[in-house]
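Here's the structure we're looking at; comments come further down.
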Amino acid sequence: MRKSYAILEKVIKEKKIELVHSHTRISSFICDKLHRKYKFPFVTTAHWTFKVTPLLKKMTSWGENVVAVSEDIKEYLINNYNIPEENIFVTVNGIDTEKFSKDIDSTKIQEEFKLEKSSQRIVYISRLDESRALVAKQLVNISERLNEKIDNLEIVIVGGGDVFDEIKAA
């Protein structure tokens with residue numbers, strides 16, 4: 001953490017960074033220390049809930065404003081960290097159904113990944129890190145049962161991360 005602090009401090013000073021946005025508990029903790037020293041605006045994004053203990057609560061910094069990926073995360077921040085509601089902004093953490101509608105021509109993608117035009121597909125898109133890949137793993141585990149119930153089924157899992165190779169091999 002000391003090394004990360006020193007590197008971030010150097011970058012912020014040399015590049016004259018005017019705004020810092022953090023996504024993780026440890027990076028937010030470090031950035032908060034720098035924020036207090038250099039007074040730059042500091043924003044975080046809350047993607048998930050964290051274990052709340054007195055020590056972890058003390059180590060958790062949420063910045064001046066927080067982007068929450070859902071209403072339930074917003075409520076979690078208010079209830080567990082006493083963040084004022086007016087400092088939390090909720091964004092949609094989902095898929096743009098107009099941009100990714102069934103009416104979009106997907107011929108090039110179908111050809112690239114050798115997908116059958118007539119198939120029914122389940123497409124799962126996510127970061128495939130151990131902490132976020134449970135749904136992808138469960139989808140792989142039930143794929144044979146799904147295949148028995150759904151004709152011409154293709155399951156497409158999209159993403160990268162530390163368990164990508166494990167999921168690909170399954």
>> Can you pull out every residue in the range 47-69 that is in contact (Cβ under 8 Å) with a residue 40 or more places away in the chain and either touching an Asp or Glu at 6+ places or on another chain (Cβ under 8 Å) or open to solvent by less than 60 Å² (accessible area, probe 1.4 Å) (or both)?
In response: 63
>> The conditions are (1) surrounded by 11 or more Cβ atoms within 10 Å (Cβ to Cβ); (2) among the acidic types (Asp, Glu); (3) more than 24 Å from the chain's Cα centre (by Cα), and residue 111 fails exactly one of them. Which is it?
In response: (1)
> Taking the range 75-88, which residues are of a type outside the set (Phe, Trp, Tyr) and within 17 Å of residue 28 (Cα to Cα)?
Replying inline: 77, 80, 82, 83, 87, 88
> Tell me, which helices (runs of 4 or more DSSP H) wholly within the range 107-170 include 3 or more residues that are farther than 22 Å from residue 97 by Cα?
Replying inline: 134-141, 143-149, 164-169
>> Among the residues of the range 114-127, are any of a type in the set (Phe, Trp, Tyr), under 24 Å from residue 151 (Cβ atoms) and open to solvent by 100 Å² or more (accessible area, probe 1.4 Å)?
In response: no
>> Let me confirm something: among 11, 43, which residue is among the hydrophobic types (A, V, I, L, M, F, W, C) and either farther than 28 Å from residue 126 by Cα or open to solvent by 80 Å² or more (accessible area, probe 1.4 Å) (or both)?
In response: 11
> Can you tell me how many residues in the range 88-100 are over 18 Å from residue 71 (Cα atoms) and either in contact with a Cys (Cβ under 6 Å, 6 or more places away or on another chain) or surrounded by 10 or more Cβ atoms within 10 Å (Cβ to Cβ) (or both)?
Replying inline: 1
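The values are calculated or read from the model by the stated rules, or taken from the named source; none is laboratory data. For clarity, every value in this text was computed on a predicted model and none was experimentally measured. So basically every Cβ, Gly included, is an ideal-geometry build from the backbone, and we count neighbours across all protein chains shown. Only protein heavy atoms, including side chains, enter the accessible area calculation; ligands, DNA and RNA are left aside. Shrake-Rupley method; radii C 1.70, N 1.55, O 1.52, S 1.80 Å.
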